[in-house]
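To keep things clear, I will list the structure first and then write my remarks on it.
The values are calculated or read from the model by the stated rules, or taken from the named source; none is laboratory data. Everything numeric here is computed off the predicted structure, so don't read it as measured data. Backbone-built Cβ (ideal geometry, glycine too); neighbour counts: all protein chains shown.
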Amino acid sequence: MKTIDLSTATVRELNQALHNQVDHLEEPEWVVTHSNGKHNLAVGVNQALSIDIQGHAGYYCAGMNQKANITVHGNAGVGVAENMMSGSVRIKGSASQAAGATAHGGLLVIEGDAGARCGISMKGIDIVVGGSIGHMSCFMGQAGRLVVCGDAGDALGDSLYETRIYVQGSVQSLGSDCVEKEMRAEHLEELRELLNQAGFSADPANFKRYGSARQLYNFKVDNASAY
């Protein structure tokens, strides 16, 4: 196991060491100490590494992740797992705005709460939040699944495409073209699998499903005010 101490090493040195594993895998398990909320930790990783960040992370932690399994033992700032392609990211605390933004794949687990715009423009990632999420979450969500074990803020799923949203708590309001949908057997099974992957024990039967009404796919003058 390789340990990087950010009280003496720089973030650039950390990320370069992780990137070097693509050409020659020397150590699959990494521990990062004294993170102290530094930005851009473990970004652009493209190898099946296990990375344990022992503390809080700043902006864009685990951005563009591919293949790695990254755990943050604290909170994360704006844009955690932004544009992630595969692998997994787990935040043991809460996350700020735009968690999982534009991400194409992989699994993001936030054990606490997530701020505004969680999953904005998500393109295939699965996001499971143990707490609540803020306003405008899943705005223009294109693909993937968003699971919220707590409550959701204003304008959930505004202008979304085919992302499926599951919420156990209350929803303050739904965004344009987002509607509640029937919870069928296949959705209960899908949700159960996601909760199991995230390590949560919530009962899928307590959730509601939300998705696109598909009225904004093509421009219609009658809907002009909703765009």
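Worth a mention:
- Of residues in the range 116-128 being within 14 Å of Ala155 (Cβ to Cβ) and in contact (Cβ under 8 Å) with a residue 24 or more places away in the chain, the one surrounded by the fewest Cβ atoms within 10 Å (Cβ to Cβ): Ala116
- Residue within the range 150-169 that is surrounded by fewer than 20 Cβ atoms within 10 Å (Cβ to Cβ), of a type outside the set (Lys, Arg) and under 11 Å from the mean Cα position of the chain (by Cα) present: no
- Exclusive hit being more than 23 Å from Ile91 (Cβ to Cβ), of a type in the set (Ser, Thr, Tyr) and out of contact with any helix residue (DSSP H, G or I) (no Cβ under 6 Å at 6 or more places or on another chain), set Ser132, Ser137, Ser173: Ser173
- Test: Leu188 is among the hydrophobic types (A, V, I, L, M, F, W, C) and touching a strand residue (DSSP E or B) at 6+ places or on another chain (Cβ under 7 Å): no
- Tally of residues being of a type in the set (Gly, Ala, Ser), in a loop (DSSP other than H, G, I, E, B), at pLDDT 95 or above and touching a Leu at 6+ places or on another chain (Cβ under 9 Å) across the range 176-200: 0
- Residue within the range 28-43 that is more than 15 Å from the chain's Cα centre (by Cα), charged (D, E, K, R), at pLDDT 95 or above and surrounded by fewer than 17 Cβ atoms within 10 Å (Cβ to Cβ) present: yes
- Number of the exception - Gly37 against (1) within 25 Å of Phe200 (Cβ to Cβ); (2) in a loop (DSSP other than H, G, I, E, B); (3) not β-branched (Val, Ile, Thr): (1)
- Ala62 vs. criteria modelled with pLDDT of 95 or more, over 15 Å from the mean Cα position of the chain (by Cα), crowded, with 20+ Cβ neighbours inside 10 Å and assigned to a loop (DSSP other than H, G, I, E, B): no
- Long-range neighbours under 6 Å by Cβ, at least six apart or interchain, first residue among the polar types (S, T, N, Q) within the range 63-84, second assigned to a strand (DSSP E or B) and at pLDDT 95 or above: Gln66/Asn46; Asn69/Ser50; Asn69/Ser88; Thr71/Asp52; Thr71/Arg90
- Being under 27 Å from Asn83 (Cβ atoms), of a type in the set (Phe, Trp, Tyr), modelled with pLDDT under 95 and touching a Ser or Thr at 6+ places or on another chain (Cβ under 9 Å) is a condition met by no residue of the range 139-158.
- 3 or more residues in contact with an Asp or Glu (Cβ under 6 Å, 6 or more places away or on another chain): qualifying strands (runs of 3 or more DSSP E) within the range 80-175: 143-148
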